[in-house]
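See structure below.
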Amino acid sequence: MTTSENPQIRALRRWDEHGAPWRVLERTATRVTVSLETCDDGTEVDRLTSSDPEFLALVARLSRAKEENGS
């Protein structure tokens, strides 16, 4: 991880690495909004929105991994 990395990328990676739930609320070809949620009842803690192509690619990769794992 570099210090110049998008803060939304850092946040989503950290959230996902700790096994906390998140879900895509809105996705277009150029923008995505993700909800970061609590483990116990799914309450939204934060919302990340970005048009950064790296963030979009990360969300796509993590979403595929969740689907493959049945999460």
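The values are calculated or read from the model by the stated rules, or taken from the named source; none is laboratory data. Just so we're clear, the structure is a prediction, and the values are computed from it rather than from any experiment. Counting neighbours? That spans all protein chains shown, and the Cβs are built from the backbone with ideal geometry, glycine included. Surface accessibility is based on the protein's heavy atoms, side chains included, excluding ligands, DNA and RNA. Shrake-Rupley method; radii C 1.70, N 1.55, O 1.52, S 1.80 Å.
Check the range 31-54 and report whether any residue there is touching a residue at least 12 places away in the same chain (Cβ under 8 Å), part of a helix (DSSP H, G or I), open to solvent by less than 80 Å² (accessible area, probe 1.4 Å) and of a type outside the set (Ser, Thr, Tyr).
no
When the range 7-21 is examined, which residues are found to be free of Cβ contacts under 8 Å to residues at least 24 places away in the same chain and either open to solvent by 40 Å² or more (accessible area, probe 1.4 Å) or within 9 Å of the chain's Cα centre (by Cα) (or both)?
Once the filter is applied, which keeps residues that are free of Cβ contacts under 8 Å to residues at least 24 places away in the same chain and either open to solvent by 40 Å² or more (accessible area, probe 1.4 Å) or within 9 Å of the chain's Cα centre (by Cα) (or both), the range 7-21 yields Pro7, Arg10, Arg14, Trp15, Glu17, His18, Gly19, Pro21.
For the range 1-30, how many residues meet the condition of being under 14 Å from Leu62 (Cβ atoms) and in a helix (DSSP H, G or I)?
10
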